[in-house]
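S.K.: Here it is, the structure, as structure tokens.
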Amino acid sequence: MIKIIVAGFKGKMGSTATKMVLDTPGFELVGVLDPHADESNLNELSEYTEDIPVFHRKEDVLAETSVDVWIDFTIPEVAYENTRFALENSIRPVVGTTGLDEEDVKELQRLADQKRIGGLIAPNFAIGAILMMQFAAQAAKYFPDVEIIELHHDNKLDAPSGTAIKTAEMIVEERGAHQQGHPDEKESLAGARGADYQGMKIHSVRLPGLVAHQQVQFGSTGEGLTIRHDSYDRSSFMTGVALACTKVMENEQLVYGLENLL
Ligand SMILES: NC(=O)C1=CN([C@@H]2O[C@H](COP(=O)(O)OP(=O)(O)OC[C@H]3O[C@@H](n4cnc5c(N)ncnc54)[C@H](OP(=O)(O)O)[C@@H]3O)[C@@H](O)[C@H]2O)C=CC1
Ligand SMILES: O=C(O)C1=N[C@H](C(=O)O)C[C@H](O)C1
């Protein structure tokens, strides 16, 4: 049995992950964490019958039980400290929380190397999103002019999305930095052209009704190519989360991107 804790269990992703862990043979949910939760047991919530402790401080996780995997769907401000804590205590992190910067990821990877603990930081767990990023990187070899439009629900805290940043990084690996648009273009309204990543523009849309969507739009002489992925439901991420919980048990590195475990 792989013993798992879910941090952020009351959130949209954390609650979906909690149910996935409870429903997956070979996984054992040994606790859930949220410092603001009123409950001390999961079964105090109407949607659960299982007797699972609710932790309010991450340190209590260690005192009460042994844990193999730490699933994290919290908020950008706490994900770094949570992941560090997991690694320091030989718990394998599976982090979906976005908003960690490049230096945070590198720092955590160094710590994982020292501790020889495997784990994953994945901006997106949906298999279709991984393919979208890989197809986009492939297309960028032939279509260097590209803009990313990511569209999310209006409760999202970070912009641009972790997926958009990862997509841009993968595109730049293929095509390098590249000036796009007119060299003398001017914004008459600040932000009109979006964020800039090595010459590539990233646009973030936030609207009620959306879940998680991204369009990678390429343009070239007389033709265009659009690669789009849509998560209509948060269940789209769960195959990837479940796979990661199993795979991190076998590796000794903290990898960035689910594609590294597929
Ligand atoms: N990698 C992927 O595939 C995906 C990643 N995400 C990312 O996952 C993260 C969560 O998204 P989502 O579920 O929509 O957000 P929610 O706001 O619904 O959930 C976040 C939860 O984290 C809780 N929380 C806050 N601080 C702590 C803490 N110190 N310890 C434990 N829990 C804490 C919050 O509780 P409270 O409200 O009580 O403060 C809240 O319940 C985001 O960063 C998002 O970008 C989302 C979808 C897919
Ligand atoms: O906040 C979300 O909802 C999502 N966040 C991740 C991101 O920032 O890329 C993954 C997915 O897009 C949903």
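Read-outs: derived from the displayed coordinates by stated rules, not from any lab. Predicted, not measured: the structure shown is a model, and the values here were computed from it. When we count neighbours, we look across all protein chains shown, and the Cβ atoms used for this are built from the backbone with ideal geometry, even at glycine.
S.K.: Cα to Cα, under 12 Å, and not fewer than 8 places away if on the same chain: which aspartates and glutamates meet these conditions relative to K106?
M.R.: none
S.K.: Turning to a different aspect of this structure: How large is the dipole of the stretch 127-231 about the Cα centre if only Lys and Arg carry +1 and Asp and Glu carry -1, each at its Cβ, rounded to the nearest 20 debye?
M.R.: In debye, rounded to 20, the stretch 127-231 gives about 140.
S.K.: Report Rg (one decimal) and Dmax (nearest whole number) for the chain, counting Cα atoms only, units Å.
M.R.: Looking at the chain, its Cα Rg and Dmax stand at 19.5, 64 Å.
S.K.: Over the stretch 127-231, calculate the relative contact order: mean separation of alpha carbon pairs under 8 Å at least 6 apart, over the residue count, as a percent.
M.R.: On the way: 171 pairs, mean separation 42.6, N = 105.
Relative CO of the stretch 127-231 lands at 41 percent.
S.K.: I would also like to ask the following. Under the definition of Cα pairs under 8 Å and six or more residues apart, what whole-number percent is the relative contact order of the chain?
M.R.: Numbers: 506 pairs, mean separation 53.8, N = 262.
Reported as a whole number, the value is 21 percent.
S.K.: Which residues' amide hydrogens lie under 5 Å from the amide hydrogen of V67, considering only partners 5 or more residues apart or on another chain, with H built in the peptide plane?
M.R.: Residues meeting the criterion, in which the H sits 1.01 Å from N, do not exist here.
S.K.: Let me ask another. Give me P(r) over the stretch 127-231, computed from all C-alpha to C-alpha distances, binned every 10 Å, as integer percentages.
M.R.: 15, 48, 31, 6
S.K.: What GluC sites (Glu not before Pro) does the stretch 157-205 have in DSSP loop regions with at most 12 other beta carbons within 10 Å?
M.R.: Sparse-neighbourhood loop GluC sites (Glu not before Pro): E185, E187.
S.K.: For the stretch 88-139 and the stretch 9-73, write down the distance between their C-alpha centroids in whole Å.
M.R.: 22 Å
S.K.: Let me ask something else about it. In the Gaussian network model of the chain, springs joining C-alpha atoms below 10 Å, which of T83, T246, T221 carries the largest mean-square fluctuation?
M.R.: T221
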